[in-house]
Every structure is written in C-alpha cells, then in structure tokens.
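Notes to accompany the following structure.
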Amino acid sequence: MASVGGAVRRIKRAICGPSQLKLNSGLAKLERVFRSPPVPPELVKAIRLIAPHFDFQPDEASRDFWEAEQNGACWAEYECLRDILSKLPKPMRVLEIGPGLGRSLVFFSKKCGWQDCELHAYEADGKKTKYTINGPRFEDSFCGTISELRRVLDHNAVTNVTIHDAKSVPMKDLPRPFDFLYGFYTIGFHWSLEHFFDEVLTLIGKTGIAVFTVPNDFKAFPRLQEISYRLIEMGRTVDDHREKLLVLGPR
Ligand SMILES: C[S@@+](CC[C@H](N)C(=O)[O-])C[C@H]1O[C@@H](n2cnc3c(N)ncnc32)[C@H](O)[C@@H]1O
C-alpha cells in the first residue's frame, strides 16, 4: 500500500515540480552550456547523494530541472570569475576539488577553452551525505560517485580530466603546482578551509590561484593573512541562497 508521505510527496511534486527551490529567473534563461545525460538509476542515485534536498526522480522533469539548476550555478560563478579566468595562462594545470558530477569542469571547459589544459579532479565515492556548514574535516565526508562523474564528462565530450580517487590519494600527494585550483560548495563551504589550508597552499605554490565557495557569513581565519585574498559576492542562484567566492593568491 502507498504511504501517506509518498502521496503527499507526489502531490507536491505535481504542483511544484522536482524541487521546492525556485531558480533565479535571469540565470535560468541563459544558455545551457552543461548538458545532462539521460538519467538511469545509477545517475539518479548519484544526484540524490550530492543533492539530497532535491526530490530527484528518473524522469525528464528532474533531468531538465537539474540541467537548468546546474547551469544557473555555473553562470553565477562564471560571471564572478570571468576576469580571473580570462587572465589565466594557457595551457595550464587545473584542479577541481570535490567536482561532484562535473558541472563546472564541463562549463568552464566549454566557456574558457580548456580542451588543451591539464585538468584534474579530486573526488571519492561515498555512501552517505554528511554536509555541515564550515564544519571540521573528517574522513568520510565524500558523497561522490566517480563512475557517474565520468559518465557526465563523457556525455559532454570533456575527455581530458584525470580523476584522482581521494580514498587512495591523499590531497598532499596530488601532482603540483596548479595554476588554478577551485572547489564549489565543498571544502571552504561544508568543511572549513582552515583544515585544508596547508595542502591548498602547497598545491598552488607561489603563483597559482585558488577559489572556493564560502558561506555568506564567512569570517577570515587567522592563517588567511599568510596569503593575499579577496571575497566576491555571488548573485543568487536560487531564491534563498547567497554565497561568496573566496579568491586566494597569487602569493
Ligand atoms: C555539495 S557537493 C558539491 C559538488 C560540486 N562542486 C557542485 O558544486 O555541484 C560536495 C562535494 O565535495 C566532495 N567532498 C567531500 N569531502 C571532500 C574533501 N575532503 N575533499 C574534497 N572533496 C570533498 C563530495 O564528495 C561532493 O562531491
């Protein structure tokens, strides 16, 4: 017999669509640079792990909403970083920390011509979502699905990404230095950057730049003074979200 909760969910979904969140209408109108593949059960499971707030089902409405939402987030970040991105050397070495299902690698590759760059991603498979805001560092914070990340990259013909499995490669052992290192809604946002700061500084060396999403009420921690940094206000992607981008370096 169907549960009452399940029935309520289906009614809400019929009225509101796959998410209670309302996309910023300006961003939602922009080109869909990132393309979502069709959503077989494995990808549905991976999206639910990364975005548990989103009532994701294996149907076209969910796929379409996800694609729109992923592009909206990318456009907001791209608009903030356009200046920095346009001044980066080419070809260059790039590292994305916690790419999830690869929206930004796809978006930036297509918008910034990263086809000839050396792209790296640092991610690990996870079974549970354990998000905090500005929380401590812990071993099982990962909720990625590397096989699905690869599926999404392949679907977008982004084939030049080396994926490092964080379960077997410690962050400090990644090849370095990187010209550009970034992480959106990962370390810096869910898990305070303070706990990863040494590795990040080592990975960008003296000349690289690092960018992280941070919460709107982000407070500088003392060691941040070791490096030049600035904060950029981000436009809203969905109704009640407002974050900042923290830009570190060069030193
Ligand atoms: C909220 S998702 C963000 C995904 C993607 N950056 C985006 O904005 O769509 C957080 C991601 O950080 C990853 N993650 C968790 N702990 C991490 C760590 N210690 N280092 C790097 N990534 C981590 C998770 O596996 C997950 O893919």
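The values are calculated or read from the model by the stated rules, or taken from the named source; none is laboratory data. Nothing here was measured: the structure is a model prediction, and the numbers come from that model. Positions of Cβ are backbone-derived with ideal geometry, glycine not excepted, and every protein chain shown enters the neighbour counts.
Per the conditions (1) modelled with pLDDT under 95; (2) within 20 Å of Leu95 (Cα to Cα), the sole criterion not satisfied by Phe178 is (1). Here the condition is being touching a residue at least 40 places away in the same chain (Cβ under 8 Å) and touching a helix residue (DSSP H, G or I) at 6+ places or on another chain (Cβ under 6 Å); of Ala121, Ala68, Ala61, it holds for Ala68 alone. Residue check: Val8 meets all listed conditions (1) modelled with pLDDT of 90 or more; (2) assigned to a helix (DSSP H, G or I) but one, namely (1). A search for C-beta distances below 9 Å between a residue of segment 205-219 that is among the basic types (Lys, Arg) and any residue that is surrounded by 14 or more Cβ atoms within 10 Å (Cβ to Cβ), counting only pairs 6+ apart in sequence or on different chains, returns Lys206/Pro177; Lys206/Gly249; Lys219/Asn134. Considering segment 179-199, the residues that are surrounded by fewer than 22 Cβ atoms within 10 Å (Cβ to Cβ) and part of a helix (DSSP H, G or I) include one that is nearest to the ligand (Cβ to nearest atom), namely Phe196.
Are any of the residues in segment 32-52 within 20 Å of Pro99 (Cα to Cα), buried (at least 18 other Cβ atoms within 10 Å of the Cβ) and in contact with a Gly (Cβ under 6 Å, 6 or more places away or on another chain)? The answer is yes, given that some residue of segment 32-52 is within 20 Å of Pro99 (Cα to Cα), buried (at least 18 other Cβ atoms within 10 Å of the Cβ) and in contact with a Gly (Cβ under 6 Å, 6 or more places away or on another chain). In the condition set (1) in a strand (DSSP E or B); (2) under 20 Å from Cys117 (Cα atoms); (3) away from the ligand (no atom under 12 Å from the Cβ), Arg176 is compliant with all but (1).
Residues that are in contact with a strand residue (DSSP E or B) (Cβ under 8 Å, 6 or more places away or on another chain) and more than 10 Å from the ligand (Cβ to nearest atom) do occur in segment 70-80.
Could you check segment 145-163 and list, in sequence order, the residues that are of a type in the set (D, E, K, R), touching a residue at least 60 places away in the same chain (Cβ under 8 Å) and within 19 Å of Val33 (Cβ to Cβ)? Write out each step before concluding.
So the first thing to find is which residues in segment 145-163 are of a type in the set (D, E, K, R), and the list is 148, 150-151, 154.
Of the ones still in play, those that are also touching a residue at least 60 places away in the same chain (Cβ under 8 Å) are 148, 151.
Within segment 145-163, Arg151 is the sole residue that qualifies.
In segment 144-168, the residue that is farthest from Phe178 (Cα to Cα) out of those that are assigned to a loop (DSSP other than H, G, I, E, B) and aliphatic (A, V, I, L, M) is Ala157. Selection of segment 145-178 for residues being crowded, with 18+ Cβ neighbours inside 10 Å and over 17 Å from the mean Cα position of the chain (by Cα) yields Leu174, Phe178. Tell me, please, whether a residue that is out of contact with any Leu (no Cβ under 9 Å at 6 or more places or on another chain) and under 30 Å from Pro37 (Cα atoms) can be found in segment 190-213. Among the residues of segment 190-213, at least one is out of contact with any Leu (no Cβ under 9 Å at 6 or more places or on another chain) and under 30 Å from Pro37 (Cα atoms), which makes the answer yes. Within segment 200-225, being closer than 14 Å to Glu243 by Cα and either among the polar types (S, T, N, Q) or assigned to a strand (DSSP E or B) (or both) holds for Val211, Phe212, Thr213, Val214, Pro215, Asn216.
Determine whether Glu194 is modelled with pLDDT under 95, within 24 Å of Arg93 (Cα to Cα) and of a type outside the set (Lys, Arg). Break it down stepwise before answering.
Working: modelled with pLDDT under 95: no; within 24 Å of Arg93 (Cα to Cα): yes; of a type outside the set (Lys, Arg): yes.
When the stated conditions are applied, Glu194 does not pass them.
Pairs are defined by a Cβ separation below 9 Å, a sequence spacing of at least 6 or placement on different chains, a first member in segment 164-188 that is without any contact (Cβ under 8 Å) to a residue 40 or more places away in the chain, and a second member that is within 13 Å of the ligand (Cβ to nearest atom) and in a strand (DSSP E or B); the pairs so defined are Asp173/His164; Arg176/Leu95.
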